[in-house]
Amino acid sequence: MILVLLGPPGAGKGTQANLLETDRSLVKLSTGDMLRAAVAAGTELGRKAGDIMERGALVPDDIVIGLIAERLDRGGEGEGFILDGFPRTIAQAEALNRLLAERGKTLDAVVEMQVDDDALVKRIIGRFTCANCGEGYHDDFKTPKVPGVCDRCGSREFVRRRDDNEEVVRSRLEAYHAQTKPLINYYAKQGKLKSVDGMAEIGQVRRAIGRALDGSA
Ligand code: ADP
Ligand code: ZN
């Protein structure tokens, strides 16, 4: 199964993608994570992408399309892939169709997570993750049970994304509305779109996505 998670920054795509890995034996493919890894590694691609990401703008299509193509060819996807943060433009969606067709695959479903802009800013500004295992936390909504210690792995090191500050979040939302939102219509026309309420609690969203996918099977 090939699945796309669509929605604004802070909608909870990463959280639900992690849960889908468990629930459906799928492998998450996040262009944001791949780009951050390239920035951390200091590769040429990372240097190109880093400045753009810090402004909250979109990295050029050919860069992210190249990353996706490489990852598709590496295989090891179990029951399939969940795409998180890709496609983000119509050109990327068209490239995805082509990449999948060339490999004898098709896109099964697109799950849109609907969240209000105001909630998004609040969700993003307070979030942080465990530097060791990647577990997600939030200053207001989900703090570690023992302050300063990761619930899942016991690590005491946490990280915040450089682009998770109010000014950059506003730019990321603008980029979403201008460049990514048209994909909702694009996929609705193809009969692939399933919309879920991303404002609900994590477990409820998880079940809503489960129902949406089973309805499509
Ligand atoms: P979020 O969804 O919270 O904004 P991501 O981790 O998906 O976070 O993306 C972070 C940044 O990485 C984006 O603001 C953008 O600069 C870049 N990026 C990630 N995916 C893409 C993509 N498919 N196309 C262009 N830029 C991307
Ligand atoms: Zn941890």
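The values are calculated or read from the model by the stated rules, or taken from the named source; none is laboratory data. Just so we're clear, the structure is a prediction, and the values are computed from it rather than from any experiment. Reconstructed Cβ throughout: ideal geometry from the backbone, glycine too, with neighbour counts over all protein chains shown. Only protein heavy atoms, including side chains, enter the accessible area calculation; ligands, DNA and RNA are left aside. Shrake-Rupley method; radii C 1.70, N 1.55, O 1.52, S 1.80 Å.
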- Item | Qualifying positions in region 100-124 - assigned to a helix (DSSP H, G or I) and without any contact (Cβ under 8 Å) to a residue 12 or more places away in the chain | 101, 102, 118
- Given the conditions (1) within 16 Å of ligand 2 (Cβ to nearest atom); (2) open to solvent by less than 50 Å² (accessible area, probe 1.4 Å); (3) not basic (Lys, Arg), and given that residue 86 satisfies all but one, which numbered condition is not satisfied? (1)
- Subset of region 155-180 [open to solvent by less than 40 Å² (accessible area, probe 1.4 Å) and part of a loop (DSSP other than H, G, I, E, B)]: 155, 163, 164
- Conditions: (1) out of contact with any Leu (no Cβ under 9 Å at 6 or more places or on another chain); (2) free of Cβ contacts under 8 Å to residues at least 12 places away in the same chain. Residue 21 meets all but one. Number of the miss? (2)
- From (1) within 18 Å of residue 199 (Cα to Cα); (2) without any contact (Cβ under 8 Å) to a residue 24 or more places away in the chain, pick out the condition that doesn't hold for residue 45. (1)
- Query: Can you tell me which residue in region 138-154 is nearest to residue 211 (Cα to Cα), limited to those that are in a strand (DSSP E or B) and either within 15 Å of ligand 1 (Cβ to nearest atom) or of a type in the set (Val, Ile, Thr) (or both)?
  - Reply: 138
- Query: Filter region 116-133 for residues that are in contact with a helix residue (DSSP H, G or I) (Cβ under 8 Å, 6 or more places away or on another chain) and open to solvent by less than 40 Å² (accessible area, probe 1.4 Å); which is farthest from residue 26 (Cα to Cα)?
  - Reply: 121
- Task: Could you tell me whether residue 187 is touching a Pro at 6+ places or on another chain (Cβ under 6 Å), away from ligand 2 (no atom under 14 Å from the Cβ) and at pLDDT 95 or above?
- Result: no
- Every pair of residues 6+ apart whose Cβ atoms lie under 9 Å, when the first sits in region 189-202 and is in contact (Cβ under 8 Å) with a residue 40 or more places away in the chain while the second is of a type in the set (A, V, I, L, M) and in a loop (DSSP other than H, G, I, E, B): 192/107; 197/115; 198/11; 198/115; 199/115
- Between a first residue in region 132-143 that is small (Gly, Ala, Ser) and a second residue that is near ligand 2 (Cβ under 10 Å from one of its atoms), which pairs have beta carbons less than 6 Å apart while being 6 or more apart in sequence or on different chains? 136/129
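Tell me which residues, restricted to region 1-18, are under 15 Å from residue 81 (Cβ atoms) and outside any loop (DSSP other than H, G, I, E, B).
Of all residues in region 1-18, those under 15 Å from residue 81 (Cβ atoms) come to 1-6, 13-14, 16-18.
Residues satisfying the conditions are 2, 3, 4, 5, 6, 13, 14, 16, 17, 18.
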- Restricting attention to region 81-99, and to residues there that are out of contact with any Lys or Arg (no Cβ under 8 Å at 6 or more places or on another chain) and in a loop (DSSP other than H, G, I, E, B), which single residue is nearest to residue 32 (Cα to Cα)? 86
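Residue under question is residue 112, and the condition is that it be charged (D, E, K, R), under 30 Å from residue 208 (Cβ atoms) and under 15 Å from the mean Cα position of the chain (by Cα); does it hold? Write out each step before concluding.
Numbers: charged (D, E, K, R): yes; under 30 Å from residue 208 (Cβ atoms): yes; under 15 Å from the mean Cα position of the chain (by Cα): yes.
Yes; evaluated as a whole, the condition is true for this residue.
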